[in-house]
1. Out of everything in region 357-400 that is in contact with an Asp or Glu (Cβ under 7 Å, 6 or more places away or on another chain), within 11 Å of residue 328 (Cα to Cα) and not polar (S, T, N, Q), what residue ends up being nearest to the ligand (Cβ to nearest atom)?
2. Check residue 320 against each of (1) within 16 Å of the ligand (Cβ to nearest atom); (2) open to solvent by 10 Å² or more (accessible area, probe 1.4 Å) and name the one condition it does not meet.
3. Taking the criterion of being of a type outside the set (Asp, Glu), within 21 Å of the chain's Cα centre (by Cα) and within 13 Å of the ligand (Cβ to nearest atom), would at least one residue in region 229-247 satisfy it?
4. Looking at 25, 19, 34, can you tell me which residue is of a type in the set (S, T, N, Q), over 21 Å from the mean Cα position of the chain (by Cα) and open to solvent by less than 10 Å² (accessible area, probe 1.4 Å)?
5. Being open to solvent by 20 Å² or more (accessible area, probe 1.4 Å) and either of a type in the set (Lys, Arg) or under 18 Å from residue 65 (Cβ atoms) (or both) is the filter here, so list the residues in region 88-101 that pass it.
6. What pairs can you find where one residue is in region 15-29 and acidic (Asp, Glu), the other is open to solvent by 10 Å² or more (accessible area, probe 1.4 Å), and their Cβ atoms are less than 7 Å apart, with a gap of 6+ or different chains?
7. Evaluate region 85-96: report whether one residue or more is in contact (Cβ under 8 Å) with a residue 60 or more places away in the chain and either assigned to a helix (DSSP H, G or I) or out of contact with any helix residue (DSSP H, G or I) (no Cβ under 7 Å at 6 or more places or on another chain) (or both).
8. Provide a single number: the residues in region 192-220 that are without any contact (Cβ under 8 Å) to a residue 60 or more places away in the chain, away from the ligand (no atom under 14 Å from the Cβ) and within 30 Å of residue 269 (Cβ to Cβ).
Amino acid sequence: MNIFDYYTHLSVNDEGHLTIGGMDTVELAKTYGTPAYIMDENYIRNTCRTYLAAARKYFGADALPLYASKAFSCVGIYKIAAEEGMGIDCVSGGELYTAKVAGFPADKIYFHGNNKTDRDIRDAMDMGVGTFVVDNTDELYALNAIAAEKNVTQRILLRISPGIDPHTHKAVVTGSVDSKFGSAIETGQAMEIVKLAISLDNVRLVGLHCHIGSQIFDIEPFSDAADIMIRFIADIKRECGYEIDELNLGGGLGVPYTKHDRTVNYAEAIRDIAAVVTGFCRDSGICMPRVILEPGRSLVAASGITLYTVGSVKEIPGFKNYISVDGGMPDNPRYALYQSQYTAMIANRASQPDDYRATVAGRCCESGDLIGENMEIQKAQRGDILAVLTTGAYNYSMASNYNRIPRPPVILVKDGEARVLIRRETYEDIIKNDVL
Ligand code: LLP
């Protein structure tokens, strides 16, 4: 795969500079400084539209994709998701608060998490969050009690673990029986929590949720999960006489990070998943539930790049070459955590051959602070702008202040215009909670 064929918002201009959303990245680096995350708004909006249109076309008019906002959360992205008609998945009080400040419609928020505190539950209810995705019985009792106190009946889904191995990195598998998430069908605990939910007065069980993992390229794990979930819905109907109206199939469709990766056509994937879901429902004798999808990475990852300035090029004869940049694991911990592969290029030499091999290192006091090892890249020198592609998901949202390094800004570009979505942190921000 040629990365520019797939990432049509990226290109190289006549000066040989990488562009994003029609803007020269070298100019963006000059204007906003480095490191900086740059995201293309049209890419995000178009991908939302693809998901919405395909979900409605293949699953029915009431289908709803939620943006799984752990991938990238800030006020601006919730505004975009709202404008596009998406729902959202929030997983913490902080994400809920951000969504609230953005004015996101609370009835389209699904509140996730395997350990919601009483405060989280109260805050979310006060906000009018539409649906809680309940992870376990302790949470269910707590939720029911708080709902009773507030004299409300809370709409809920139950998180179910279908016991699927989706062939992805073990840190991002979430649907297996021994997972910390949800209740497993295999152990009988899923049926127990369903019965408990039906028996409680202040929760209204409308559906089930499963999420099998992330960065998945095959349809098979999704159809296996759907098969298991639909059989379980049929079992609930048989055993409890209770109709499950909503099925949330989670997120997880993959994104190519390098030219060696596969690609996914999201509309076709939704079409294929819908075909099997419809078939399974027919075979199990249940009505087609309302289907919810929960993509995170695939909505934002490819929209984003990170720009750095090269500080040094070090060649260790007989060993390797290092290019050190002015960011690293604080703004992108994914190589350190998962050995995630990325595509990097020298943005001001983007038309030159990428026949140099270098390990791109950050500036933390730690050897594992790398963006990638032996990356194929153009020859570089101090002062060059180095771009890492596909950093729109799980980069800013996983960033830290390790070594007291301020987080970079997020700049949103659209049709040749740029605006700041998140300002660069300052040293004053870094010490703002320190007691002086
Ligand atoms: N729904 C639930 C309940 C989830 O736990 C997740 C992701 C999603 C939806 C969205 O999945 P996506 O479409 O983004 O694959 N930090 C890791 C990824 C962790 C994903 C956690 N859950 C990474 O950087 O690869």
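1. At the first step, the residues of region 357-400 found to be in contact with an Asp or Glu (Cβ under 7 Å, 6 or more places away or on another chain) are 357, 359, 361-363, 376-378, 395, 399.
Subsequent filtering for residues that are within 11 Å of residue 328 (Cα to Cα) retains 361-363, 395, 399.
Narrowing the set further to residues that are not polar (S, T, N, Q) leaves 361-363, 399.
Values: 361: 20, 362: 17, 363: 21, 399: 12 Å.
Once the filter is applied, the top-ranked residue is 399.
2. Of everything listed in (1) within 16 Å of the ligand (Cβ to nearest atom); (2) open to solvent by 10 Å² or more (accessible area, probe 1.4 Å), residue 320 misses just condition (1).
3. Going residue by residue through region 229-247, those that are of a type outside the set (Asp, Glu) are 229-234, 236-238, 240-242, 244, 247.
Remaining after also requiring within 21 Å of the chain's Cα centre (by Cα): 247.
Keeping just the survivors that are within 13 Å of the ligand (Cβ to nearest atom) gives none.
No - not one qualifying residue is present in region 229-247.
4. Values: 19 fails: open to solvent by less than 10 Å² (accessible area, probe 1.4 Å); 34 fails: open to solvent by less than 10 Å² (accessible area, probe 1.4 Å).
Within the list 25, 19, 34, the selection yields 25.
5. Quick first cut of region 88-101, residues open to solvent by 20 Å² or more (accessible area, probe 1.4 Å) only: 91-95, 97-98, 100-101.
91, 95, 100, listed by residue number.
6. Correct list of pairs: 24/13; 24/17.
7. From region 85-96, those in contact (Cβ under 8 Å) with a residue 60 or more places away in the chain are 87, 89; that's our starting set.
Filter again for either assigned to a helix (DSSP H, G or I) or out of contact with any helix residue (DSSP H, G or I) (no Cβ under 7 Å at 6 or more places or on another chain) (or both), leaving none.
Looking through region 85-96, none of the residues is in contact (Cβ under 8 Å) with a residue 60 or more places away in the chain and either assigned to a helix (DSSP H, G or I) or out of contact with any helix residue (DSSP H, G or I) (no Cβ under 7 Å at 6 or more places or on another chain) (or both).
8. Keep residues of region 192-220 that are without any contact (Cβ under 8 Å) to a residue 60 or more places away in the chain, which gives 192-196, 198-199, 201-202, 204-205, 208, 210, 212-213, 216-220.
The next check asks that each one be away from the ligand (no atom under 14 Å from the Cβ); those that pass are 192-196, 198-199, 201-202, 204-205, 219-220.
Narrowing the set further to residues that are within 30 Å of residue 269 (Cβ to Cβ) leaves 193-194, 205, 219-220.
Of the residues in region 192-220, 5 are without any contact (Cβ under 8 Å) to a residue 60 or more places away in the chain, away from the ligand (no atom under 14 Å from the Cβ) and within 30 Å of residue 269 (Cβ to Cβ).
The values are calculated or read from the model by the stated rules, or taken from the named source; none is laboratory data. Bear in mind that the values here come from a model prediction, so they are computed numbers and not experimental data. We place every Cβ from the backbone using ideal geometry, glycine too, and count neighbours over all the protein chains shown. For accessibility, only protein heavy atoms count, side chains too; no ligands or nucleic acids. Shrake-Rupley method; radii C 1.70, N 1.55, O 1.52, S 1.80 Å.
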